[in-house]
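Each reported figure results from applying straightforward, stated rules to the coordinates on display, with no laboratory input. These numbers were taken from a predicted model, which means no experiment stands behind them. Don't worry about glycine lacking a Cβ; one is built from the backbone with ideal geometry, like all the others, and counts go over all protein chains shown.
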Amino acid sequence: LKPLLKCLADPMEKCRELALQMLSDLMGKVPSPEEGLPYLIPTVVHRLGSPAILEPAEELRLALVELMTLTVEVCGKHLAPYLDDMVQILQKTIVDPFPDVKKESCKCAEMFAKSIPEHFHMQAESLIKPLMQTISHQHSKVRVAVIRTTGTVVQYGSGKSVDDVLSHLAQRLFDDAVQVRQAVTDVVGNWLLELRDRYSYFHKLIPLLLSSFNDEMPAVRDSAVSYWKAVGEKWQKENEEDLKDKLDFSGVPPALYPVGVERPSL
């Protein structure tokens with residue numbers, strides 16, 4: 001492992017490329033890949049997490065981030081001691097000039113958040129700034145990746161970052177790309193269902209979800225309605241005791257209610 005990691009600083013690009021290929025094979029096939037973390041992580045921090053970009057080749061920076069994604073996949077909870085190092089890497093790679101590096105970094109950040117949820121919240125807010133710097137990128141696929149990653153980072157964070165990202169998400173509701181608007185609808189809908197402190201943010205999140213009711217694309221409108229119903233049903237279930245009288249003595253449907261139109265639920 002150590003000789004391969006030394007090769008990542010070789011002046012010849014081909015040598016660095018071959019070393020990365022071998023490292024990926026190694027991490028994916030050895031029985032205890034976590035044993036290599038004390039050597040691998042500091043090396044990648046040096047190559048990708050430094051103030052200046054030390055790896056000049058775009059494709060090799062992408063390969064390095066892909067290696068980190070694989071490392072998260074195979075090592076999981078063993079990466080907890082390297083939380084600060086991983087965040088330092090992702091802070092740089094999310095704002096990398098190469099779009100594919102940005103997308104892979106988003107994928108890596110999501111997997112990392114889900115792999116160590118009991119620790120990730122301590123550093124989650126550190127990723128909000130680079131994500132918001134990238135959320136208006138010219139490539140729609142990058143914008144989608146950033147929005148979905150923002151949803152996961154806030155979900156597995158302390159929840160305090162919601163205010164920092166709401167205005168950016170609201171702007172993306174006017175995005176030309178339907179996939180971007182769908183991503184915002186999915187993130188807001190999931191927050192309304194799963195965010196730890198969601199009741200405190202209902203008054204800020206509900207207007208965003210309601211905005212998707214008027215989207216020009218039927219798929220976005222339908223998903224917004226679906227989330228709206230799910231959120232209402234969950235709220236009703238969680239507040240069953242307070243709503244007991246209304247549930248037990250609900251009013252009789254009006255006689256002249258339009259045919260084929262579904263009445264709102266409680």
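Note on PHE213 and SER136: the extension gain reaches 25.4 nm, defined as 0.36 nm multiplied by sequence separation minus the Cα-Cα distance. Net length available on complete extension from VAL95 to TYR39 is 17.7 nm, with 0.36 nm assigned per residue and the Cα-Cα distance removed.
Name the shape class, rounded, prolate or oblate, that the alpha-carbon gyration tensor gives for region 172-234, where a ≥ b ≥ c are the square roots of its eigenvalues, rounded holds for a/c under 1.5, and otherwise prolate holds if a/b is larger than b/c and oblate otherwise. Note, shape of region 172-234 comes out prolate. For region 109-157, the equivalent ellipsoid built from the Cα gyration tensor has semi-axes of 21, 11, 6 Å, listed from largest to smallest. Globularity index of region 127-250 is 1.12 (Cα radius of gyration / 2.2 N^0.38 Å, N = number of residues). Three principal axis extents describe the C-alpha atoms of the chain; from largest down they are 80, 38, 30 Å.
Across all Cα pairs in region 32-160, the calculated P(r) in 10 Å bins from zero up to the longest distance comes to 14, 49, 33, 4, 0 percent per bin. Of all the C-alpha pairs in region 57-119, what % are more than 13 Å from each other? Summing the P(r) of region 57-119 above 13 Å gives 56 percent of all pairs. Note on the chain: helix-only mean residue ellipticity at 222 nm, from DSSP H runs of 4+ residues weighted -39500 (n - 2.57) and normalised by residue number, equals -21000 deg cm²/dmol.
For TYR39, the shell of other residues with beta-carbons less than 12 Å away shows a net charge of 0, using +1 for Lys and Arg and -1 for Asp and Glu. Quick one: in region 101-184, what % of C-alpha pairs are over 17 Å apart? Roughly 41 percent, rounded to a whole number.
May I ask you to list the residues of region 121-158 whose amide nitrogen lies under 17 Å from a point 7 Å from Cα along the Cα→beta-carbon direction of VAL178? 140-141, 144, by backbone N distance to the label point.
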